[in-house]
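Let me begin by presenting the structure, written as structure tokens, before commenting on it.
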Amino acid sequence: MELVVSSLAITLAAALGACWQHFRGSVQQPLSIHSGYYALPEPQKTTQLLVVAIGLTMLAVVGLLLSHHFRVTMLWLGVLVVATPLYLPKGLLLLSAWVEKLFTSGLKHYLVAELKELVAPLSLAMMALLLAMTANLAMNTLVVSFEHTLKQWLEQRFMRTFISAPHKVR
């Protein structure tokens, strides 16, 4: 038994000696594994996107308040739909900075560091997803309203035909 314990101790000491450099390098690397891999969005560009988003939103809201025609209203809703995703890059940066102040150590701090590294690709992906979801909702609304209108028209047509046609009794 003593031989087994001494063999395990020698093996453990050899493994620790062999892995020490790698362990020390892992401890000293940045918290996020992707550190520097993704280009962080420049604050100037996110601020420009935010200004454009605010401008488009204000323009769309004023246009919606003043429009009295269905097609013009749809145009302003389209401008509002395009403006909404432009808030995401700056919003994600502000959110990650706020959450970083709350969590200073541990796993939560690691998650915040990963979020800050992934803000650039994540905001772009979320912008595309938001536009795709909006297009999907619009198509679903279009199909459902068309189906409803068609059913109403067919029912009215059926009722006119049924009421106007005399019943034949055999």
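The values are calculated or read from the model by the stated rules, or taken from the named source; none is laboratory data. As the structure is a prediction and not an experimental result, all values here were calculated from the model. We place every Cβ from the backbone using ideal geometry, glycine too, and count neighbours over all the protein chains shown. Remember, those area values only see protein heavy atoms, side chains included, never the ligands or the DNA or RNA. Shrake-Rupley method; radii C 1.70, N 1.55, O 1.52, S 1.80 Å.
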Checklist line | Failed criterion for Trp98 (all others in (1) in a helix (DSSP H, G or I); (2) over 26 Å from Val51 (Cα atoms) hold) | finding: (2)
Check: What do you reckon, is His22 farther than 27 Å from Leu130 by Cα and modelled with pLDDT of 85 or more?
Finding: no
Next item on the list: Please state which of the following conditions Lys116 fails to meet, knowing it meets all the rest: (1) of a type in the set (Lys, Arg); (2) closer than 20 Å to Leu50 by Cβ; (3) at pLDDT 80 or above.
Entry: (3)
Checklist line | Single residue of region 101-118 satisfying the filter (touching a helix residue (DSSP H, G or I) at 6+ places or on another chain (Cβ under 7 Å) and part of a helix (DSSP H, G or I)) that is most open to solvent (accessible area, probe 1.4 Å) | finding: Lys116
Item checked: Number of positions in region 55-76 that are assigned to a helix (DSSP H, G or I) and either small (Gly, Ala, Ser) or open to solvent by 70 Å² or more (accessible area, probe 1.4 Å) (or both) -> 12
Notebook entry, point to check: Only one residue in Leu66, Leu49, Leu40, Leu75 is at pLDDT below 80, of a type outside the set (Gly, Ala, Ser) and either closer than 20 Å to Leu122 by Cβ or more than 23 Å from the chain's Cα centre (by Cα) (or both). Which one?
Noted result: Leu40
Notebook entry, point to check: Given Ala128, Ala138, which one is in a helix (DSSP H, G or I) and surrounded by fewer than 14 Cβ atoms within 10 Å (Cβ to Cβ)?
Noted result: Ala128
Margin query: Restricting to region 119-157, and then to whatever is of a type in the set (Val, Ile, Thr) and in contact with a helix residue (DSSP H, G or I) (Cβ under 8 Å, 6 or more places away or on another chain), can you tell me which residue is nearest to Leu77 (Cα to Cα)?
Written below: Thr134
Check: Just to be sure, is Thr84 of a type in the set (Val, Ile, Thr), under 17 Å from Ala125 (Cα atoms), at pLDDT below 85 and open to solvent by less than 50 Å² (accessible area, probe 1.4 Å)?
Finding: no
